[in-house]
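What follows draws every value from the coordinates through simple rules; no lab data is involved. This is a predicted model, so every value here is computed, not measured. So basically every Cβ, Gly included, is an ideal-geometry build from the backbone, and we count neighbours across all protein chains shown.
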Amino acid sequence: MKNPQSKKTTKNWTIKDSNDYYNIDKWGHKYFCINDQGNISVASAENSNKKIDLYQLIQEIKSRKVNPPLIIRFNDILKDRIKDLNNSFEKAITTYSYKNVYQGVFPIKCNQQKNLVEKIIKYGSEWNFGLEVGSKSELIIGLSNLKNENSLLICNGYKDNNYIEMAILARKLGKKPIIVIEQREEVKRIIEVAKKLGSTPLIGIRSKLSSKSIGRWSKSVGEKSKFGLSAPEIMLTIQDLKKVDLLKELKLLHFHIGSQISDIKIIKDALQEASQIFVELAKLGAPMEFLDVGGGLGIDYDGSKTSSDNSTNYSLQNYANDVVATIKDSCDQNNVKHPVIITESGRSITSHCSVLIFNILGKSNENYKIDVSELIESSLIIKNLIETLNQLKLSSEKDLDLAKIIELWNDAKKFKEDSFNGFRLGFASLQERALAEKIHWACAKEIANIIEIEGIEHSDLKDINKILASTYYANFSIFQSTPDTWAINQVFPIIPIHRHKEKPLINATFADLTCDSDGKLNSFINNGNIKTLLKLHELIDNQEYYIGIFLAGAYQEALGNLHNLFGNTNIIHIDINQNNSYKISDMIKEDSKTDVLKVFDYKSDDLVEMIRLKIESAISNGTLTIEESQKLLAQIETSLRNSTYLSS
Ligand SMILES: *Cc1c(COP(=O)(O)O)cnc(C)c1O
């Protein structure tokens, strides 16, 4: 198989080649592209002249003494995502002459960050956008922050009496909370609390669906799923509510079939089943007003438009059309009034607006130089290896003989193994083993040059790039910033922020700061597939190399943890103005070491005091001078106030 890009030399590499390699125009949507300077440019919306050079922005943020790792959130993109979602539904409603409205809610669990939630509430208000909460803490955020009286507050999750009481009383506050029954137990509780308070809640039912789902979250549907009521349970619930005259408050049906649903067929099947349940509930006497289709609206992480895990085979508009058309069909066939359509899309709203930026601290695997003086008096194995290397050098000058190259590569591997066995059994020295490894590496390098120039991909030579690959040491923690890459093998678009006019020559993976061997990034988007190596640029002395992880605004912050005590990163919100200018609207400072230590119950003052006592003993023993002790204490005290990450 030939790969056209590898034919490109360093000289004739263009921005377009970079675009093709990193696939930016596919996953970047209307927001990200490469500008004429070869830097990533961020736009607020399609064809907008509100654009900003991300590389320049990072440098200016750094001048404000705010260092990577850093999350940059673009308010304009968040606003545009909310607008697109609402516009798509409005368009579908017009197209299908649907006789009611769309009214979405944002599921707080997707990203609970205050500054972000506040902006979603603000931007969504013109569409009466609301919130979905799944716990009492989230409910309190919803009660305090939601301002628009028409916005819905969907109350999901398991509920105790306290949760239900808060939700019922919130109705009197002028809010529109809807308590969604997830478990049979909750029916009893709702009836009990309503009686006690002499006040009734708006009620919804979450239904378990039997339609099949696929992918990572396929277990969130089906008869054995964790949430929702089965058909018999729904029937019992209706009887219970009827008995206490609460059926008149049952107005909503909810379902949720998991996140990042990549295949539209799955969504359609679920919608059909749910619409059918909806009309049945109406026929049973519930004054049904809302159909809440949950989350699951996926985003195209790799831009391949396929039903693979990291993509979707549908657009936002396809989704809205299918939701509206399916619900309309079922209602019309059964003479049931069209409901208000609710979605609980989280991922689709918050993913695009956030970019995680980290800098590279260094890289492994320097080019080995073979010193000729080392070669004198070497063993047969070394001689064989050198002979192999020489033949490879010759073959790169002659016409390409692929079979010969594969044979030579197999020889090189065999000789290296011989050398290692010799070492293990005590016949070869460490120096000799090191030399064998270096020549083996040089053989791989020689072949890599040939296959790179010829654009060859051959399965017998697959290991070459891996052997030559470099590890780039990244100044961040995947456990804090991209936990899903570790937990569920999620892949995000990861690309350099600048230098896109230069050909990236180095095959690489990333290692993060944690002392955990899982703390690495070695899966990259590849147009519907995964690749294990990413081409990056050679590091330049005294110049930072910045990498961005894109589309990472959903779930990562909520799930991030303090592994090795690396804390929250800096977060900056940006408003993009005309002419490449911008305004920082919010700045959320990163955790200091004191902050993260406090989480585990360590008090900085106590720690300093314990160290001070040790210092005093050392001074009295004469192992430390007073001057040295002051330096040490000052270092520790300053460090506690500062970043958990490495400074450059
Ligand atoms: C997590 C969750 C969502 C959000 O799903 P996305 O795929 O992020 O849109 C919506 N509703 C419920 C009930 C959820 O649990």
Quiz item: Tell me, what HN-Hα J-couplings in whole Hz come from the Karplus equation 6.51 cos²θ - 1.76 cosθ + 1.60 at θ = phi - 60° for each residue of the range 615-632, using x for Gly and Pro?
Solution: 5, 4, 4, 5, 5, 6, 7, x, 8, 9, 7, 4, 4, 4, 4, 5, 4, 4
Quiz item: What is the sum of charges around residue 241, taking Lys and Arg as +1, Asp and Glu as -1, for the other residues whose C-beta is under 14 Å from the C-beta of residue 241?
Solution: +2
Quiz item: Too long at a 30 Å Cα-Cα cut-off: which of 109/243; 83/109; 159/328; 122/242; 8/404?
Solution: 109/243; 159/328; 122/242
Exercise. Using only the Cα atoms of the range 103-230, construct the convex hull and provide its projected area averaged over every direction, in square nanometres to one decimal.
Key: 8.2 nm²
Self-check item: For the range 585-613 and the range 227-302, distance of Cα centres in Å
Solution: 47 Å
Quiz prompt | Helical mean residue ellipticity (222 nm; -39500 (n - 2.57) per DSSP H run of 4+; nearest 500) of the chain | solution = -13000 deg cm²/dmol
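Would you please calculate the Kirkwood hydrodynamic radius of the chain over all C-alpha pairs and express it in Å, rounded to one decimal?
On the way: mean 1/r = 0.0353 Å⁻¹.
Roughly 28.3 Å, rounded to one decimal.
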Quiz item: Bin by bin, in steps of 10 Å, what percent of the Cα pairs in the range 594-641 do you find, going until the bin that has the longest distance?
Solution: 26, 47, 22, 4
Self-check item: Karplus-derived 3J(HN,Hα), 6.51/-1.76/1.60, for each residue of the range 73-82, Hz, glycine and proline x
Solution: 10, 9, 4, 4, 5, 4, 4, 5, 5, 5
Quiz prompt | Calculated SAXS-style log₁₀ I(q)/I(0) at q = 0.07, 0.12 Å⁻¹ - the range 75-352, Debye, Cα scatterers | solution = -0.22, -0.69
Exercise. Please sort 321-329, 111-119, 237-245, 493-501 by packing, taking for each peptide the average over its residues of neighbouring beta carbons within 10 angstrom, highest first.
Key: 493-501, 321-329, 111-119, 237-245
Quiz prompt | Note, ³J(HN,Hα) from phi for the range 285-297, Karplus 6.51, -1.76, 1.60, rounded to Hz, x at Gly and Pro | solution = x, 7, x, 5, 10, 10, 10, 9, 8, x, x, x, 4
Exercise. For residue 520, enumerate residues with amide H under 5 Å from its amide H, sequence gap 5+ or separate chain, H modeled in the peptide plane.
Key: 512
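Set the bar at 27 Å for Cα to Cα. Now go through 212/535; 114/175; 26/520; 30/462 and name every pair that lies beyond it.
212/535; 30/462
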Self-check item: Qualifying aspartates and glutamates (Cα of each under 16 Å from Cα of residue 248; at least 8 residues distant if same chain)
Solution: 240, 280, 289
Quiz item: Of the peptides 283-293, 423-433, how do they stack up when ordered by the mean number of other Cβ atoms within 10 Å, highest first?
Solution: 283-293, 423-433
Self-check item: Residues of type aspartates and glutamates that residue 62 reaches as a straight line, Cα spacing below 13 Å, ignoring anything fewer than 8 places off in the same chain
Solution: 544
